[in-house]
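Shown next, in C-alpha cells, is the structure this report addresses.
What follows draws every value from the coordinates through simple rules; no lab data is involved. What you see is a predicted model; the values in this text were computed from it and never measured. Positions of Cβ are backbone-derived with ideal geometry, glycine not excepted, and every protein chain shown enters the neighbour counts.
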Amino acid sequence: MSSAHRIDTTRVGIVGAGPAGLMLSHLLSKSGIDNIVVDNRDRDAIARTHRAGILEHGSVKLLSDSGVNGRVLSEGHRHDGIDLRFGGESHRIDFLDLVGESVWLYPQNEVFIDLADARERDGGDVRFGATDTVVHDHTTRTPKIRFTESDGSPAEIRCEILVGADGSQSICRRSIPAGERSDDFIEYPFAWFGILAQAPPSAPELIYTNSEHGFALISQRSETVQRMYFQCDPAADASAWTADEIWAELQRRVDGPDGLRLQRGPIFEQMVLPFRSYVCEPMRYGNMFLAGDAGHTVPPTGAKGLNLALADVRILFEAIDSFHRTGSRALLDSYSDTALRRVWRAQSFSYWMTNILHSRQDASPFERKRALGELATVANSRYAQQHLAESYTGWPHA
Ligand SMILES: Cc1cc2nc3c(=O)[nH]c(=O)nc-3n(C[C@H](O)[C@H](O)[C@H](O)COP(=O)(O)OP(=O)(O)OC[C@H]3O[C@@H](n4cnc5c(N)ncnc54)[C@H](O)[C@@H]3O)c2cc1C
C-alpha cells in the first residue's frame, strides 16, 4: 500500500455495521475503547432492508439499558405469546404465564436506525459505502482491514482486535484457512415466500401455522404494515405470483372452523427467502473474532438470528473490555466456546420449530401425522409449552 493511502490505528476494527457490528461499537465506545466500523452498503440502504422483527427480552434490555435510546420500549409492541395453529385451530402459548417473559415486535431496520443514530450522536467512526474490503494479518498483533472509502480513496485500519460482523456471506469467515475451521450445516427442501403489505393486523400476536398445504406465519410490523410468509419451493420466482394468488395461498393455509380471515391490502414487497442452519467453529482465528450471522445462521422460524447476533456481541464486548482493562486474554480465549453454547441451543430450537411446522413434499402420511402428534403434545402439555416459551423468549445472557 503506498504512503498516499490513509491509515488509521484503533483498538478494535469491525467489518459490518449490522446489529452485531454497531451494537459492539456502541458498547466499546461507552467503555472508552476506540473502534472503527466499515460497511459496504450505504446507511439508507441498510435502513430500508426489512428482515427480523422479534426481539427477545434480553435484546430489548441490552438496547435500552446500554443507552442506545428508549424507542424499542416506547414504539415496540410487547407480545406475551404466540398462536400455534394446526388442524385449522389456534392454540395460544402464553409466554408470560409460562415463563414470566415476553418478546417485543420491533423491526430490525428500526434497531439499525437506533444504533446508527446513537453512533452518530456519540461521535462513532462508521465508514458506510466501503468497497473491496479485505482482512489481513489475523494472527499477528496488528490485524488490518483494507478497503476503498465511499469517495474512492484507499484506506487501511490497523487494530489489535478484528471483528467479523459482516453477515452470512462474511469475507472475514472465508478468510480463515479451510483447515482452521469447520463448517457444519444442513439445508432444507423449502424456503419462505415473504410479503410486506399495507393492511391492518390480522391478529394481535404472531400465528405460526402448520396446514396440509404447508407452513405460514402471520406476523405484524405496525398498525398499517403487515409481514406474512408461507412455505414455498426454494426455486420459486417471487415476481411470478400475483397479489390475488399470494393472498389465496396465505388464506388457505390458515383456514379453519373458527373462520380466521386475513386482512388484505396492497403488497409492496415480495421475496423468496432460502435458509439453512450453519455454524462455523471456532468463531475465532488468531486475533479475529466472528459475531452474528458471520459465524452462524439459523432458519427464521424460531426468530433467533438477530437475537443471537446481539448475544454474541455481549459476550465479545465483555471479553474485549476485560482485555482492555486488565491485559488478560482469558475471556477472549473462551469467547468462541461461550458463544457456541448458546448458538447450538438456538440451532436446536430453530431446527425443531422448523421441522414441526413445515411439511416436506415427500413426507409420508406417517411423518405428517407424527408431526401433528408432536404439535398436539405441545398444545396439551404445560411442560412442552414451557420449553417453547423459554426458548422463544430467550435464555438469560451469559
Ligand atoms: C427476510 C429475513 C427475515 C428474518 N427474520 C428474522 C427474525 O424474525 N428474527 C431474527 O432474530 N432474525 C431474523 N432474520 C435474521 C437476521 O436478520 C440476522 O440474523 C441479523 O441480521 C444478523 O445480524 P448481523 O449484524 O450479524 O448481520 P447483518 O445484519 O447481515 O449485517 C452484516 C453487515 O455487514 C455488511 N457487510 C457484508 N459484507 C461486507 C464486506 N465485505 N465489507 C463490509 N461490510 C460488509 C453488510 O452490508 C451488513 O450491513 C431474518 C433474516 C432475513 C433475511
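Within 10 Å of each residue's Cβ, count the other Cβ atoms and sort LYS144, LYS30, LYS369 from fewest upward.
LYS369, LYS30, LYS144
Using +1 on the beta carbon of Lys and Arg, -1 on that of Asp and Glu, and nothing else charged, what's the dipole of the chain about the Cα centre, debye to 20? Spell out each step's value before the answer.
Values: 42 positive and 53 negative charges, 105 e Å.
With Lys and Arg at +1 and Asp and Glu at -1, about 500 debye.
In deg cm²/dmol, rounded to 500, what helix-only [θ] at 222 nm does the chain give when every DSSP H run of at least 4 residues adds -39500 (n - 2.57) and the total is split over its residues?
So the calculated ellipticity at 222 nm is -11000 deg cm²/dmol.
Any idea how far the Cα center of segment 91-169 sits from the one of segment 177-252, in Å?
26
Sorting MET228, MET288, MET271 on the 10 Å Cβ count, fewest up front, what's the list?
Numbers: MET228 26, MET288 23, MET271 14.
The order, fewest Cβ neighbours first, is MET271, MET288, MET228.
Based on the mean of other Cβ atoms within 10 Å per residue, sort peptides 31-38, 168-175, 116-123 so the most packed one is first.
Highest mean packing first, the order is 31-38, 168-175, 116-123.
Students often forget the sequence filter, so: which aspartates and glutamates lie under 14 Å Cα-Cα from LYS369 once same-chain residues fewer than 8 apart are removed?
GLU212
Cut-off 10 angstrom, C-alpha nodes, Gaussian network model of the chain. Which of LEU372, LEU306, LEU162 fluctuates the most?
LEU372
Restricting the count to DSSP beta bridges whose residues both fall in the chain, what percent are antiparallel, rounded to a multiple of 5?
Antiparallel: roughly 70 percent of the beta bridges in the chain.
Can you tell me which aspartates and glutamates have their Cα less than 17 Å from the Cα of LYS61? Leave out same-chain residues fewer than eight positions away.
By straight Cα distance, LYS61 reaches GLU75, ASP80, GLU101, GLU110, ASP114, ASP312, GLU318, GLU390.
Net charge near GLN361, counting Lys/Arg +1 and Asp/Glu -1 over other residues with Cβ under 13 Å of its Cβ?
-2
Please rank MET283, MET353, fewest neighbouring Cβ atoms within 10 Å first, as an exposure proxy.
Starting with the residue having the fewest Cβ neighbours, the order is MET353, MET283.
Along the positive direction of the dipole of the chain (beta-carbon charges: Lys, Arg +1; Asp, Glu -1; about the Cα centre), which of ALA363, MET288, PRO234 reaches farthest?
The one lying farthest along the dipole's positive direction is MET288.
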